[in-house]
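For reference, the structure discussed in these notes is given below.
The values are calculated or read from the model by the stated rules, or taken from the named source; none is laboratory data. What you are looking at is a predicted structure, and each value in this text was computed from that prediction instead of being measured. Positions of Cβ are generated from backbone atoms using ideal geometry, with glycine treated the same way; all protein chains shown enter the neighbour counts. Ligands, DNA and RNA are excluded from the accessible area calculation, which covers all protein heavy atoms including side chains. Shrake-Rupley method; radii C 1.70, N 1.55, O 1.52, S 1.80 Å.
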Amino acid sequence: MLLGLMNNPARDVVKEIQRAKELGFRFLDLTLEPPVARADKIDVGRVKAALANREMGAVGHTAYYLPFASAFDAIQAGAVSETEKCLRVFGQLGVKLMNLHLDCRVPGHDPTYINARNVEAIAKLLPTADELGITLMVENAEGDTAESLAPVLEALPGVGLHLDIGHANIGRGRASATAGLLERYGHRLKHVHLSDNKGRSDDHLAIGAGSIDWRRELKALKASGYDGTITLETFYGDSALIAYSRDKVTELWASV
């Protein structure tokens, strides 16, 4: 298991790399989005040198609100174009994984249409990803299950799963979508996000500050055979809370 930290896209990326290193993380979950870290705004050479100097890797993350399923062709094309810019930056940085968020915000259209538009957009990105040696992966959103992701993942067999355990525990009471996602798509799992919440919204709390059963979740993850990159996506609180979450996850991983 390798633990990483996500950068705050409102802050200088190099300073975020240094912060992650000082907190003991092995890689940066580099999100390329406004206001400061948009793909065409960052100094790629400076970021590449900062990662190399600190012996840190990176995983690629894109904005969750890109309108891949828009009913307007020009808007969908814009989302694809912006994501291709991210791919090009990640290619220069030597990043091998990049996530995508499905777009479900298409008023007046049913899930079949929305899934088809998402598949269409991702398919347009695959040639560039293949050219650069980058594996694309779809992140489960709040409320997603193996069944809800199936129309997209089955249509795109070369795309991996990015499991967000925080999302898998929203709106489900004491249940979780994690087990079902791992059972059906664990063989395609490429990356994991961890953050806590109280089951109602995506709070991005420190591990243990919400209601998620972390022993159950990490036991299921470990039992699936996964031992790759895991990002702490804890946005709120100071560095001490991030360090606490880091140590808690490390302790739990060793004990389950």
Open item on the list: If I go through region 223-249 residue by residue, how many of them are over 16 Å from the mean Cα position of the chain (by Cα) and closer than 17 Å to Ala209 by Cα?
Closed with: 14
Open item on the list: Suppose we filter Leu205, Leu232, Leu252, Leu221 for residues that are under 16 Å from Ala20 (Cβ atoms), hydrophobic (A, V, I, L, M, F, W, C) and touching a residue at least 24 places away in the same chain (Cβ under 8 Å); which single one remains?
Closed with: Leu232
Open item on the list: Take Arg172 and tell me if it is surrounded by 14 or more Cβ atoms within 10 Å (Cβ to Cβ), farther than 23 Å from Met6 by Cβ and touching a residue at least 12 places away in the same chain (Cβ under 8 Å).
Closed with: yes
- [ ] Inspect all residues belonging to region 154-166 and state whether any of them is open to solvent by less than 10 Å² (accessible area, probe 1.4 Å), in a helix (DSSP H, G or I) and either touching a Leu at 6+ places or on another chain (Cβ under 7 Å) or closer than 30 Å to Leu241 by Cα (or both).
- [x] no
TODO: Quick one: which residue in Arg215, Arg188 is more than 23 Å from Tyr65 (Cα to Cα), out of contact with any strand residue (DSSP E or B) (no Cβ under 7 Å at 6 or more places or on another chain) and either among the β-branched types (Val, Ile, Thr) or open to solvent by 20 Å² or more (accessible area, probe 1.4 Å) (or both)?
DONE: Arg215
TODO: Looking for whichever is charged (D, E, K, R) and modelled with pLDDT under 95 here; the options are Arg246, Arg174. Which one fits?
DONE: Arg174
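Residue by residue, here is whether (1) part of a loop (DSSP other than H, G, I, E, B); (2) on the phi < 0 side of the Ramachandran plot; (3) open to solvent by less than 70 Å² (accessible area, probe 1.4 Å) holds:
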residue	(1), (2), (3)
Gln76	no, yes, yes
Val80	no, yes, yes
Val89	no, yes, yes
Gly108	yes, no, no
Val119	no, yes, yes
Asp130	no, yes, no
TODO: Take region 199-252 and flag every residue that is more than 20 Å from Asp29 (Cα to Cα) and either of a type in the set (A, V, I, L, M, F, W, C) or outside any loop (DSSP other than H, G, I, E, B) (or both).
DONE: Ala209, Ile212, Trp214, Arg215, Arg216, Glu217, Lys219, Ala220, Lys222, Ala223, Glu251, Leu252
Open item on the list: Just to check your reading of the model, which residue among Ala79, Ala69, Ala155 is touching a Cys at 6+ places or on another chain (Cβ under 8 Å) and of a type outside the set (Phe, Trp, Tyr)?
Closed with: Ala69
- [ ] Return yes when Asp196 is touching an Asp or Glu at 6+ places or on another chain (Cβ under 8 Å), surrounded by fewer than 18 Cβ atoms within 10 Å (Cβ to Cβ) and in contact (Cβ under 8 Å) with a residue 24 or more places away in the chain and no when it is not.
- [x] no
Task: Hits in region 24-53 (condition: part of a loop (DSSP other than H, G, I, E, B) and loosely packed, with under 15 Cβ neighbours inside 10 Å) - done: Gly24, Pro34, Pro35, Asp40, Lys41, Asp43
Task: Long-range neighbours under 6 Å by Cβ, at least six apart or interchain, first residue farther than 16 Å from Glu82 by Cα within region 101-124, second open to solvent by less than 70 Å² (accessible area, probe 1.4 Å) and not in a helix (DSSP H, G or I) - done: Val106/Ala69; Val106/Ala71; Ile114/Ala69; Ile114/Val106; Arg117/Ala69
TODO: Exactly one condition in (1) more than 27 Å from Gly24 (Cα to Cα); (2) in a loop (DSSP other than H, G, I, E, B); (3) hydroxyl-bearing (Ser, Thr, Tyr) is not met by Tyr185; state its number.
DONE: (2)
Task: Number of the condition not met by Gly143 [criteria: (1) open to solvent by 10 Å² or more (accessible area, probe 1.4 Å); (2) at pLDDT 95 or above] - done: (2)
